[in-house]
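Trainee: Quick one: this structure, given as structure tokens, is what I'll be asking you about.
Values in this text are rule-based calculations from the coordinates and carry no lab data. Predicted model, so just to flag it, every value in this text is computed and none were measured. As a convention, Cβ positions derive from the backbone with ideal geometry for all residues, glycine included, and neighbour counts pool all protein chains shown.
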Amino acid sequence: MTLKRELDEQVRNSSAKFPDSARKILEKFRNDLKYSGIEDIIPDEGAFFPAFDLQDQEGKQVSSEDLLEEGDLVAVFFRGKW
């Protein structure tokens, strides 16, 4: 099973547990995102990513260039406050 298929299945299974009111809000949110055009600006897999310096979880400056010297780099962005 592909990751997309697995995630789609998880969404279907979990959304079935939500009350109708919550399900309608989530569906509207998904549709708003879909039609906002945001998908058109998402970089493709393997696209160039500019070098950056950020703080790690301990406050230490970390360079993407230094990390790439050790091997492949995966950047994950969290949405912030929930």
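Trainee: Give the angle, between 0 and 90 degrees and rounded to the nearest 10, that separates the Cα long axis of helix 20-36 from the longest principal axis of the Cα atoms of the chain.
Mentor: Around 50 degrees separate the two axes.
Trainee: Can you give me the Rg/Rh ratio for the chain, using Cα atoms for both radii and the Kirkwood formula for Rh?
Mentor: 1.07
Trainee: Can you give the longest stretch of the chain with no exposed loop site, where a site means trypsin sites (Lys or Arg not before Pro) in a DSSP loop (not H, G, I, E or B) with at most 15 other C-beta atoms within 10 Å?
Mentor: 18-59
Trainee: Can you return the aspartates and glutamates within cross-link range of residue 17? Criterion is Cα-Cα under 20 Å, with same-chain partners fewer than 8 residues away left out.
Mentor: List returned: 6, 8, 9, 27.
Trainee: Which of the chymotrypsin sites (Phe, Trp or Tyr not before Pro) found in region 1-58 are in a DSSP loop and have at most 14 neighbouring Cβ atoms, other than their own, within 10 Å?
Mentor: Sparse-neighbourhood loop chymotrypsin sites (Phe, Trp or Tyr not before Pro): 48, 52.
Trainee: Round to the nearest 10 and give me the degree value, 0 to 90, for the angle of helix 3-15's Cα axis relative to the longest principal axis of the chain.
Mentor: 40
Trainee: Straight-line reach only, C-alpha to C-alpha below 17 angstrom: list the aspartates and glutamates that residue 4 could link to, leaving out same-chain residues fewer than 8 apart.
Mentor: The qualifying aspartates and glutamates are 39, 44, 45.
Trainee: Please give the length that would be gained between residue 56 and residue 10 if that part of the chain were fully extended, namely 0.36 nm times their separation in residues minus their C-alpha to C-alpha distance (nm, one decimal).
Mentor: 13.5 nm
Trainee: Separate question: R0 = 25 Å: FRET efficiency of residue 75 with residue 1, Cβ-based, nearest 0.05?
Mentor: 0.45
Trainee: Which semi-axis lengths, in whole Å and largest first, follow from the square roots of five times the eigenvalues of the Cα gyration tensor of region 5-50?
Mentor: 28, 15, 7
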